[in-house]
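The values are calculated or read from the model by the stated rules, or taken from the named source; none is laboratory data. Please read these numbers as outputs of a predicted model, since none were measured by experiment. No Cβ is skipped: glycine too gets one built from the backbone with ideal geometry, and neighbour counts run over all protein chains shown. Accessible surface is based on the protein model in full, side chains and every heavy atom, while ligands, DNA and RNA are left aside. Shrake-Rupley method; radii C 1.70, N 1.55, O 1.52, S 1.80 Å.
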Amino acid sequence: MKKFALALAVAGLAAVAVGQESDGGGWSGNGWRLSVGPAVEIGMKSRLTLDASRAVAQMPAAARSGGTSRTAAQRQGDAIALNGRRIDFGNGGFIDPNDDSGTPGETWNWRIPAGALDSSGRMSFSYPYSERRVDEVWNSVSDKDEWTTGGVSIALDRNVLTRGMVGLDAGMGLSLFTKDGFAKFGGTAWTRTETTSRGEYVTDVAFNQDVVGDEWARNPDGSYGAGTRDGPGPVLDLDSGDVRIAHRWANQHSSRKTTALALHGEGDWREIEAAFAVKPYVQPAGWVRVHAILGVAVAFSRIEFDIHGSADDFSYSTEESFDKWGVCGIGGGGISFLFGRWSIGCDAVARLFDKDIDLHGKDVYGTIERAPVVVQMFAGMDF
């Protein structure tokens, strides 16, 4: 903007000098003027967010737990209990409190397979478990920025009315604006934490050594107990502790794996705007003209995004583009310095009743606010 102001000041001084030396002619009117020059959109604003859901959907799914849950393992082990009902141990052994003796708390209706007890008269049953918990955290990857866009404009005006120092021009203009990398944003968009827990629930069943240690308690095949309701066989006193059942957790350990998806996006801006306007002016001297601008503009905008993501061995890459049309009013003014059939000058134009550009894509969503003000420098030729 400093260079722009300096160039305009130099042009003004040159115009003053030429105007003082001229005969006060300037543009005679009743003709056409073609002008071209640089332009800049001031105050573009963007509020954009990357949506990670499509990238996450393409990632490898969390592994499923193939084992028994911790709760189920405990339920299996707790099923072995002295609760007045028959216990089946799963190895062919059992204890049934109901027998023909009819003595409460005692039974000879039990049997333990050969080799099931260790030297201390105990057997253990292990119920392994494996659990996996998956926690996901979604983070917003957003960009909020304000920027300017450079471009070029060309205009064709026709003088339609001249009355002394005042007159009216009408015409149209075409502007092209571009901005590579107007949006650059990135960060961790999603995190998955997999926690795996493994272990076993152990149930220990211990028998009174006085019972199982008695040679008469062991059958010829090495098993223990008569295994019949009517005996005869060694009696288990369940109420006096001949059988003790205990439960415990063993070999427990856990591991954790965290996967983080980082997303990065970059956006490019392209815009073509056609403006139709009337320009009433006053020309106090033959070498200077001040004019107003009032009209309507039609714009076509193309917004393109490149999105990249990575997480461990996973990579994600996609492109997304948006084509948007818009119509708004324009109003402003400018000044021209005239050198015979040649001119230089600048315009400042405000966009009126302009609507924001809403983006609802698969990877990007948000809003872009077009610049409220456009400043143009131009050099013109009458013909």
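Which residue, F182, L168, S53, has the largest displacement toward the positive end of the dipole of segment 33-182 when charges sit on each Cβ (Lys, Arg +1; Asp, Glu -1)?
The residue sitting farthest along the positive end of the dipole is L168.
Where nothing but the Cβ of Lys and Arg (+1) and of Asp and Glu (-1) is charged, how large is the charge dipole of the chain around its Cα centre, in debye to the nearest 20? Show your work: numbers first, answer last.
On the way: 38 positive and 49 negative charges, 418 e Å.
Roughly 2000 debye for the chain.
Compute the relative contact order of the chain as a whole-number percentage, counting only Cα pairs closer than 8 Å that sit 6 or more residues apart in sequence.
24
Normalising by the residue count of segment 291-380, find the relative contact order in percent from Cα pairs under 8 Å and 6+ residues apart.
25
Say we join alpha carbon atoms closer than 10 Å with springs in a Gaussian network model of the chain; which of F125, F337, F322 then has the biggest fluctuation?
Result: F125 has the largest fluctuation of those listed.
Would you work out which of P232, A73, G309 lies farthest towards the positive end of the dipole of the chain? Charges go on Cβ: Lys and Arg +1, Asp and Glu -1.
Most positive-ward Cα: G309.
Would you mind checking K45/K184; K324/K362; K179/K279; K257/K362 for any pair whose Cα atoms are more than 20 angstrom apart?
On the way: K45/K184 13 Å; K324/K362 16 Å; K179/K279 29 Å; K257/K362 28 Å.
Long pairs (Cα-Cα over 20 Å): K179/K279; K257/K362.
What does the extension gain come out to for T188 and E304, with contour length at 0.36 nm per residue minus their alpha carbon separation? Let's see the in-between values first.
Details: separation 116, 0.36 × 116 = 41.76 nm, distance 2.18 nm.
Additional length available on full extension: 39.6 nm.
Hey, got the dipole for segment 52-204? About the Cα centre, +1 on K and R Cβ, -1 on D and E Cβ, debye to the nearest 20?
Magnitude of the dipole: close to 640 debye.
For the charge dipole of the chain, defined by +1 on Lys and Arg C-beta atoms and -1 on Asp and Glu C-beta atoms about the Cα centroid, which residue among A292, A63, G361 has the Cα displaced farthest towards the positive pole?
A292
With every protein chain present, what is the per residue accessible area of the chain (1.4 Å probe, Å²)?
Result: 52 Å² of accessible area for each residue.
Which distance in Å, rounded to a whole number, links the C-alpha centroids of segment 144-189 and segment 69-109?
Answer, in whole Å: 89.
For the Cα atoms of the chain, what angle does the longest principal axis make with the long axis of helix 2-21, in degrees from 0 to 90, nearest 10?
10
Run the dipole for segment 224-383 about the Cα centre, Lys and Arg Cβ at +1, Asp and Glu Cβ at -1, nothing else charged, and hand back the magnitude in debye, nearest 20.
For segment 224-383, the charge dipole is close to 620 debye.
Only residues of segment 136-158 count here: report those whose backbone N is under 17 Å from the spot 7 Å along Cα→Cβ of T178, or say none.
Counting backbone N atoms under 17 Å from the label point, the list is 148-154.
Just to confirm a number: summing +1 for Lys and Arg and -1 for Asp and Glu over residues other than H360 whose beta-carbon lies under 14 angstrom from that of H360, what do you get?
For residues surrounding H360, the net value is -2.
Give the residues of segment 198-235 whose amide nitrogen is closer than 19 Å to a point set 7 Å from the Cα of S119 in the direction of its Cβ.
The answer is 205-215.
Ordered by packing density, taken as the mean number of other Cβ atoms within 10 Å over each peptide's residues, highest first, how do 278-289, 215-226, 164-175 rank?
Output ranking for 278-289, 215-226, 164-175: 278-289, 164-175, 215-226.
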